[in-house]
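Before any comments, here is the structure.
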Amino acid sequence: MSVSRKPVLQVPVSAMQHAWLSAMGVNVPWIVTEAAPQSAPTPSIEPEQITQVQAVSSDPSATIDQAPVAPAPEALKAALEALKKPQKRVGSQSPVPTIARQSSHMGESVKHQDLEQLQAMIRVCQACSLCEQRTHAVAGEGSAKPSVLIVGEAPGEHEDIEGRPFVGRSGQLLDNMLQAIQLDRFEQVFITNMVKCRPPANRNPREDEISACSPYLLRQIELLRPTVVLAMGRFAAHALLSTKEPLQKLRQETQVVTTGENPIPVVVTYHPAYLLRRPTDKRLAWEDLKRVRALLTPRD
Ligand code: SF4
């Protein structure tokens, strides 16, 4: 029996976007064919459609503007001055003193750190056992005033070696995904992971490791104040939203995470490493990316 193929292209795609999508494996025949199961078209996002899954706030009164900055070593003071420049990229390595294991007090210790101080803390953190086999803790990198904060699961082998998030083939695919919605990895995006150190043999991060590391991510969200958070992969979505709902269900609606007094929309999608293994699901990721694009304000 022959399968009829009807065009289902829903959005205008420029020649440049075609090129990017092609690099992602999302070629034109793949978009227009109905051989694969259809997903619902991306709806326009109305405020009332946003489902608040969880409010995450250790201290609602501690907004970024109000938080006092703790005394900092000279190296961190210099970094703080540099951070005042608009659209500064962060992620560079800088020497800082080693901090002791402190998982039980992590939330309190990061509460008043600025972005550079936080990055420095992460790079020398020993709050969970993942510090023992890592090469580098991967704090994250990108714009200090991002439109989109991307949260992956944990560093892999290449990330651990380079000390940067999303490098290698997954990183290339992520770059192409971002370009497909007119976002530059360094100018409009900050990229980090739920857990900052590589689990041995790329095993899944454990609950205690996620719990130990989560204050860093929550403080990053507070400081970066992105327009949208893009959670990539099941572990990132579950940890960020404190839920065990299937990823497929979570990506059907825009979720919300709240830090301080600021609710931030969260779009859940597949991790690029998964999409490399299962390229037919890139069309679903494309729907999620269109949702991100729709949520962005003129800030980007
Ligand atoms: S995974 Fe997080 S909590 Fe554990 S050592 Fe690395 S930075 Fe610290």
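The values are calculated or read from the model by the stated rules, or taken from the named source; none is laboratory data. Quantities reported herein were computed from a predicted structural model and do not represent experimental measurements. Cβ placement follows ideal geometry from the backbone for every residue including glycine, while neighbour counts extend to all protein chains displayed.
List of remarks:
- Residue satisfying all of: in the stretch 195-207; within 9 Å of the ligand (Cβ to nearest atom) and not basic (Lys, Arg); nearest to GLU159 (Cα to Cα) among these: CYS197
- Considering the stretch 179-207, and only residues there that are part of a helix (DSSP H, G or I) and modelled with pLDDT of 95 or more, the residue that is surrounded by the most Cβ atoms within 10 Å (Cβ to Cβ) turns out to be ALA180.
- Some residue of the stretch 174-181 being in contact with a Phe, Trp or Tyr (Cβ under 9 Å, 6 or more places away or on another chain) and within 16 Å of the ligand (Cβ to nearest atom): no
- Of all the residues in the stretch 261-283, those that are out of contact with any Asp or Glu (no Cβ under 9 Å at 6 or more places or on another chain) and within 22 Å of THR227 (Cα to Cα) number 6.
- Answer residue from the stretch 208-230, given it is among the β-branched types (Val, Ile, Thr) and more than 9 Å from the ligand (Cβ to nearest atom) and is surrounded by the most Cβ atoms within 10 Å (Cβ to Cβ) among those: VAL229
- GLN133 being over 17 Å from ARG203 (Cα atoms) and either surrounded by fewer than 24 Cβ atoms within 10 Å (Cβ to Cβ) or more than 8 Å from the ligand (Cβ to nearest atom) (or both): no
- Any chance LEU240 is within 16 Å of the ligand (Cβ to nearest atom), at pLDDT below 95, surrounded by 18 or more Cβ atoms within 10 Å (Cβ to Cβ) and within 16 Å of ASP288 (Cβ to Cβ): yes
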